[in-house]
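Notes for the one structure printed next.
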Amino acid sequence: MGDKAIYVEIDIKADVDGVWQLTQDPGQHPRWDLRFSSITPVANLPAGGNRFIYQRRTLLHTITGTGTSLGELQRPDGTRTSALRFTTSDRLSPLRAGRGYWRYIPTANGTTFITGFNYEPGWGRLIDRLVMRRLIGWMTAWSFDRLRIWAETGTPPERWPVASVLTFWRSDRPQASRCQRTPDFGNAMTQAPATLQTLAEP
């Protein structure tokens, strides 16, 4: 995999069921997550989970790839997890094969939502280290705060297109800085779930 894995954590004042629905529904997920334009399930996996096709549209090109995912709704500690693997053969994609996870941790005030993921760079390690990994990390954190606003207030994520970052004087806009970007050392809740090791290749 590439260099340092990307980590993002945010506290959301909404219950786990609500956050799960907004993040696991393929129709809702691309609405708040800048990393995806569409996610289309194509098959169920024999051992559970599903296979899907994802796209990321830009002005000049649409990146298409495949992935597999597996969610855990019931865990002994009361948390939930979702494991993901993805890949693309598109030579213009800055991300090639990768894997990651989501954790949903119930709290007294709602849900702590966590992701950690890593990938093989598509444009070379130097460009990835200097530019793309920082950009992908920012996109993830900004998207997490846009999700938080949606879950807490009901404001549709479309209210905040990426251009809204220019409205820096508005305190209610999504901000990547609201997210924690480094895991707490020694906290098992920030680690990848075991399902990521057994998840089928995309």
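Every number here is computed from the coordinates shown, using simple stated rules; none is lab data. Predicted model, so just to flag it, every value in this text is computed and none were measured. Neighbour counts run over all protein chains shown; Cβ positions are idealised from the backbone, glycine included.
Miscellaneous remarks
- In the chain, the DSSP-assigned H stretches of four residues or longer account for a calculated mean residue ellipticity at 222 nm of -5500 deg cm²/dmol, using -39500 (n - 2.57) per stretch and the full residue count as denominator.
- Coil-residue trypsin sites (Lys or Arg not before Pro) of region 1-102, DSSP, other Cβ within 10 Å capped at 11: Lys4, Arg91
- Residues of the chain were split at every exposed loop site, defined as chymotrypsin sites (Phe, Trp or Tyr not before Pro) in a DSSP loop with at most 11 other C-beta atoms within 10 angstrom, and the longest piece left, sites excluded, is 1-167.
- Considering only Ala108, Phe86, Gln28, the residue lying farthest towards the positive end of the dipole of the chain is Phe86, judged by Cα position with unit charges set on Cβ.
- GNM top mover of Arg129, Arg159, Arg170 - the chain, alpha-carbon springs below 10 Å: Arg170
- For region 5-59 versus region 90-117, the inter-centroid distance based on Cα atoms is 9 Å.
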